[in-house]
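Report on one structure; see the data block that follows.
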Amino acid sequence: MFMKGIDRQEGEVVAVHDGSATVRVSANKNCDRCGICERVSDTEMVVEAITSRRLKAGEKVILEVSPGAIVTSATILYILPLIGLVAGYYVSGTVLRMAGIELKGELVPALCSIAALFLCFVPIRLCDVSRRKKNRYRVYVKERV
């Protein structure tokens, strides 16, 4: 939904809740990637959007996600594992040499590098869980159409 044009996604209010609204939006080819919305058919998705406006079912609204939230999330998701991959290789080689262990080949540093890569997904998952609770990282209703 929000991969192309982060703001200006138009949708129709399906249900109104206290402080939020369920909005139906059209699905595009990038919709399976971000996980913000829930797919209900091949062409439609629904998303829970935060709002302080008094909305009614059937109203058309414009939805938005903070561009800074998207960039921050993408940076954490792509850069942290890369850092772990490189750091795992060099740190393991350095630590083993300091311990007096002679390395014959690259197998041990490579395996440590892969282990560090997978370990990087633990803080990413913990960060994701805590961010989902914050409104800054959610969809909100920008305006009525």
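The values are calculated or read from the model by the stated rules, or taken from the named source; none is laboratory data. Quick caveat, the model's predicted, so the values are computed rather than measured. Glycine also receives a Cβ, built like all others from the backbone with ideal geometry; neighbour counts cover every protein chain displayed.
Within segment 72-89, the presence of a residue that is outside the structural domain of residue 24 (by TED's automatic domain parsing), loosely packed, with under 11 Cβ neighbours inside 10 Å and of a type in the set (A, V, I, L, M, F, W, C) is excluded.
For the criterion of being aliphatic (A, V, I, L, M) and not assigned by TED's automatic domain parsing to the domain that holds residue 16, residue 101 passes. Candidates are the residues of segment 132-145 that are under 13 Å from the mean Cα position of the chain (by Cα) and part of a helix (DSSP H, G or I); the one that is surrounded by the most Cβ atoms within 10 Å (Cβ to Cβ) is 137.
Only one of the numbered conditions (1) touching a residue at least 60 places away in the same chain (Cβ under 8 Å); (2) out of contact with any Gly (no Cβ under 8 Å at 6 or more places or on another chain); (3) surrounded by 14 or more Cβ atoms within 10 Å (Cβ to Cβ) is not met by residue 63, and that is (2). Considering only residues in segment 90-111 that are in a helix (DSSP H, G or I) and touching a Leu at 6+ places or on another chain (Cβ under 9 Å), the one that is surrounded by the fewest Cβ atoms within 10 Å (Cβ to Cβ) turns out to be 97.
Of everything listed in (1) assigned to a helix (DSSP H, G or I); (2) on the phi > 0 side of the Ramachandran plot; (3) not polar (S, T, N, Q), the single unmet condition for residue 129 is (2).
Looking across 144, 132, one residue alone is within 30 Å of residue 19 (Cβ to Cβ), basic (Lys, Arg) and touching a residue at least 40 places away in the same chain (Cβ under 8 Å). It is 144. Considered as a group, the residues in segment 54-74 that are part of a loop (DSSP other than H, G, I, E, B) and among the aliphatic types (A, V, I, L, M) include one that is farthest from residue 21 (Cα to Cα), and that residue is 65. Residues in segment 41-52 that are surrounded by 13 or more Cβ atoms within 10 Å (Cβ to Cβ) and assigned to a loop (DSSP other than H, G, I, E, B): 51 alone.
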